[in-house]
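Novice: Please read through the structure below; I'll follow up with questions.
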Amino acid sequence: MLKVGLTGGIGAGKSEVSRLLVEHGAVLIDADRIAREVVAPGTPGLAAVVEAFGPDVLAADGTLDRPRLGAIVFADPAKLAVLNSIVHPLVGARSRELEEAAADDAVVVHDVPLLTENGLAPLYDLVIVVDAAPETQLDRLLRLRGMTEQDARARMAAQATREERRKIADIVIDNDVPLERLRQRVREVWEELVRRAHAPRPGAQSPHDASPGQSPQE
């Protein structure tokens, strides 16, 4: 199994890259999707969020009002830290469950928006950073997600800088390019991931080297 961390700033186009990797055969573990699951109605996660931030963060139907909560935490680093302390352990536990269910030879891609900010790079065999210029990110957030400029800039400012993300990258995918160029780059990256997934690990024992009665995993 090859464990890949995939990250990028908001609006960089990480979701499109993860979608393309899945088309090639990657097993995707999406931290954002899991983060929604662990605060679904009736979960301990949602109860903890309401206890920390009050009932006003709930929508009329009892679900988490994510835009309202986002407006609260992205303007206050201390409140963002509180939210992260609730959600991140839950996301981590569920992510491990999904990873353990993947095939031994799978390329498992963990889509983690805050990988850089939380110092998670050492957890993966390699890290892919989807990179785009800040002006590209801002344009996408305004045009495609309908955010206000103030909200978009606040969300960008709450994340790691472009330089900080690139510093931890083993592979950078430039997403300031047309879709066809992006497809080509992702295809090249996928070929590299498959090569690494099937390469012998240093110090790994070959099945043929195992003594009689001993499994290679023992």
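The values are calculated or read from the model by the stated rules, or taken from the named source; none is laboratory data. What you see is a predicted model, and the numbers here were worked out from it, not measured in a lab. Using ideal geometry, Cβ is built from the backbone for each residue, glycine included, and neighbour counts are taken over all protein chains shown. Ligands, DNA and RNA are stripped out before the accessible areas are found, and what is left, the full protein with its side chains, is counted by its heavy atoms. Shrake-Rupley method; radii C 1.70, N 1.55, O 1.52, S 1.80 Å.
Novice: How many angstrom lie between the C-alpha centres of segment 160-184 and segment 51-77?
Specialist: Here the answer is 31 Å between Cα centres.
Novice: With helices defined as uninterrupted DSSP H runs, which ones in the chain have an alpha carbon span along their own long axis of at least 15 Å and mean Kyte-Doolittle hydropathy of at least -1.0?
Specialist: Those that pass (Cα extent of 15 Å or more, hydropathy at least -1.0) are 14-24, 77-100.
Novice: Can you list residues from other chains, or at least 5 along the same chain, whose modelled amide H is less than 5 Å from the amide H of Val130?
Specialist: Thr7, Gly8, Ile173
Novice: Could you check the simple spin-label distance between Leu123 and Asp105, using points 7 Å along Cα→Cβ, in nm with one decimal?
Specialist: Placing both labels 7 Å along Cα→Cβ, they lie 2.7 nm apart.
Novice: Just read off the accessible area of Ser85 with the full protein assembly in place, 1.4 Å probe, to the nearest 10 Å².
Specialist: We get 80 Å² for Ser85.
Novice: Roughly what would the spin-label model give for Ala52 and Glu135, points 7 Å off Cα along C-beta, in nm?
Specialist: 3.7
Novice: Right, another one. To the nearest 500 deg cm²/dmol, what mean residue ellipticity at 222 nm is calculated for the chain from DSSP H runs of n ≥ 4 alone, each contributing -39,500 (n - 2.57), summed and divided by the residues? Write down the numbers at each step before the final one.
Specialist: On the way: 9 runs with 105 residues, N = 218.
Roughly -15000 deg cm²/dmol at 222 nm, from the helical runs in the chain.
Novice: Taking only the Cα atoms of the chain, how large is their convex hull per residue, in Å³?
Specialist: Dividing the Cα hull volume of the chain by its residue count gives 145 Å³.
Novice: Work out, step by step, the length gained on full extension between Arg183 and Arg68: first 0.36 nm times the residue separation, then minus their alpha carbon distance; give nm to one decimal.
Specialist: That pair, Arg183 and Arg68, stretches by 37.9 nm at full extension.
Novice: While we're here: Leaving out ligands and nucleic acids, and using a 1.4 Å probe, what accessible area per residue does segment 1-138 come to in Å²? Walk me through the intermediate numbers first.
Specialist: Numbers: 6360 Å² over 138 residues.
Heavy-atom SASA per residue in segment 1-138 reads 46 Å².
Novice: Another question, if that's okay. Run the reach check for Lys14 against lysines, Cα to Cα strictly under 21 Å, same-chain hits fewer than 8 apart removed. What comes back?
Specialist: Answer for Lys14, where 21 Å is the Cα cut-off: Lys3, Lys167, listed by chain and number.
Novice: Moving on to the next point. Could you check the simple spin-label distance between Lys167 and Asn84, using points 7 Å along Cα→Cβ, in nm with one decimal?
Specialist: Here the answer is 1.5 nm between the modelled labels.
Novice: Just to be sure I understand: of the beta bridges DSSP finds with both ends in the chain, what percent are antiparallel, rounded to 5? Could you put the intermediate results ahead of the total?
Specialist: Numbers: 1 of 19 bridges.
The answer is about 5 percent antiparallel.
Novice: Output the direction-averaged projected area (hull surface divided by four) of the convex hull of the alpha-carbon atoms of segment 119-196, in nm².
Specialist: Answer in nm², one decimal: 6.0.
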